[in-house]
Amino acid sequence: METEKRIVLTGFMGVGKSTVARFLASLLDSTRIDLDTFIELNEKQTIAEIIKSRGEARFRQIETENLRRILTANEARIIALGGGAWTIKENRGLIREQQLTTVWLESTFDHCWRNIRMSKRERPLAINKELTQKLFDERAKLYCLADWHFIIKPDLTSFEVAKKIAEEVFSIDFD
Ligand code: S3P
């Protein structure tokens, strides 16, 4: 078992990064952290409030500062990113520099959009279906740069996805 490996989970809004990270942490008996939650605790504002009151550009700076802190001063082995974090070149550089393994959770736009609509969490960058689809299409080529790629089929539970990651990325044999 590759116990020392640290990973980041990336993928579009609504794909289920945080839930998969939670299951993965429990399967690996390991620590995890959610970048957005970490930011909210440090800034004492929700991500939606930060974006709405200070703008996306400032949010991205805060996101990078907090990612750097997690990567260098926090020992969590599983890091769930917000959907935009991996699309920023500087963030990808930081992640690579620290030699983390990167995992893209990919799904269809419809699946993500359904989850975005159903979620209680406010996502100011998912403005409407058309603009969100545009963002989804633009980002695919950047998510593609991740080391691993798992396709999230709608009939697969988050637990099953986490198990697959544990088996394939961490070489864990559950049998
Ligand atoms: C964002 C995704 C959100 C959050 C912020 C911006 C994005 O996280 O970081 O609203 O740019 O895709 P989730 O992917 O967890 O929704």
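The values are calculated or read from the model by the stated rules, or taken from the named source; none is laboratory data. Computed from a prediction, not measured in an experiment: that's the story for all the values here. Cβ sites come from the backbone with ideal geometry, for glycine too, and all protein chains shown count toward neighbours. With ligands, DNA and RNA removed, areas are computed over all heavy atoms of the protein, side chains included. Shrake-Rupley method; radii C 1.70, N 1.55, O 1.52, S 1.80 Å.
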Practice problem: Name every residue in segment 3-25 that is open to solvent by 60 Å² or more (accessible area, probe 1.4 Å) and in contact with a strand residue (DSSP E or B) (Cβ under 9 Å, 6 or more places away or on another chain), in order of residue number. | Solution: Arg22
Quiz item: When you go through (1) over 15 Å from Arg123 (Cα atoms); (2) open to solvent by less than 10 Å² (accessible area, probe 1.4 Å) one by one for Arg96, which number turns out not to apply?
Solution: (2)
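Quick check on my filter: what residues within segment 161-175 are part of a loop (DSSP other than H, G, I, E, B) and open to solvent by less than 40 Å² (accessible area, probe 1.4 Å)? Lay out the reasoning, then the answer.
Residues of segment 161-175 that are part of a loop (DSSP other than H, G, I, E, B), as a first pass: 170-175.
Residues satisfying the conditions are Phe170, Ile172.
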Quiz item: Which residues, taken from segment 33-69, are touching a helix residue (DSSP H, G or I) at 6+ places or on another chain (Cβ under 8 Å) and within 23 Å of Cys144 (Cα to Cα)?
Solution: Ile33, Asp34, Leu35, Asp36, Glu63, Thr64, Leu67, Arg68
Exercise. Tally the residues that are more than 21 Å from Leu125 (Cβ to Cβ) and aromatic (Phe, Trp, Tyr), restricting the search to segment 1-58.
Key: 1
Quiz item: Which pairs do you get when a residue that is within 10 Å of Val20 (Cβ to Cβ), found in segment 147-173, comes within reach of a residue that is among the aromatic types (Phe, Trp, Tyr) and at pLDDT 95 or above, reach meaning Cβ atoms under 6 angstrom, with the pair 6+ apart or on two chains?
Solution: Ser158/Phe23; Phe159/Phe23; Ala162/Phe23
Self-check item: Of residues in segment 28-43 being modelled with pLDDT of 95 or more and open to solvent by less than 50 Å² (accessible area, probe 1.4 Å), the one farthest from the ligand (Cβ to nearest atom)
Solution: Ile33
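In the set Gly11, Gly83, which member is of a type outside the set (D, E, K, R), at pLDDT 95 or above and at positive phi? Spell out how you get there, then give the answer.
Numbers: Gly83 fails: at positive phi.
Answer to the selection: Gly11.
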Self-check item: The lone exception for Ile51 - which of (1) surrounded by fewer than 18 Cβ atoms within 10 Å (Cβ to Cβ); (2) near the ligand (Cβ under 10 Å from one of its atoms) it fails
Solution: (1)
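Would you please name the residue that is farthest from the ligand (Cβ to nearest atom), looking only at residues in segment 10-27 that are touching a helix residue (DSSP H, G or I) at 6+ places or on another chain (Cβ under 6 Å) and among the hydrophobic types (A, V, I, L, M, F, W, C)? Spell out how you get there, then give the answer.
Residues of segment 10-27 touching a helix residue (DSSP H, G or I) at 6+ places or on another chain (Cβ under 6 Å): 10-16, 19-20, 23-24, 27.
From the residues that got through so far, the ones that are among the hydrophobic types (A, V, I, L, M, F, W, C) too are 12-13, 15, 20, 23-24, 27.
Details: Phe12: 7, Met13: 4, Val15: 7, Val20: 11, Phe23: 16, Leu24: 16, Leu27: 21 Å.
Of everything passing the filter in segment 10-27, Leu27 is farthest from the ligand (Cβ to nearest atom).
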